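The structure appears right after this line, and notes come after that.
Read-outs throughout are calculated quantities, based only on the coordinates presented, and are distinct from any laboratory measurement. Model, not experiment: these values are computed from the prediction. Here the Cβ positions follow ideal geometry from the backbone for every residue, glycine too, while neighbour counts run over all protein chains shown.
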Amino acid sequence: MFLTASKSLAPAPPQRFICPFPNCSPNYNKAWKLDSHLCKHTGERLFVCDHEGCTKAFSHILSFHEEERPFVCEHTGCGKTLAMKQGLSKQAVVHDPDKKKMKLKKWGVAELH
């Protein structure tokens, strides 16, 4: 029996899904993540709430009626609870609008006035 040279057994690099909008650089390892991101550009809301009596639609899967909200805003007197940790940074901007400006500067994005 003869052994022949074959293709490398190294795994192929993972496929990336890149945002096609100009000046937008996010890329994702799953197509559904890109689809969700594209809703930011189009305003489309793909996910309709299935909570009884609700007619809201969302650009992401998490329901507005999510019962578990383990993340709590620590700003004095706020106490708002959130279902996702990333919501805390968005909530922080409510209390301190300069935080958004700092992020824009960090990313090298021109501020809009």
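Under a 5 Å amide H cut-off, with hydrogens placed 1.01 Å from N, residue 71 pairs with 82 among residues at least 5 apart or on other chains.
Summary of the geometry: segment 74-89 and segment 23-53, compared by the centres of their Cα atoms, lie 23 Å apart.
Ordering 24, 43, 59 by Cα displacement along the dipole of segment 15-62 toward the positive end leaves 24 in first place; charges were set at the Cβ atoms of Lys, Arg (+1) and Asp, Glu (-1).
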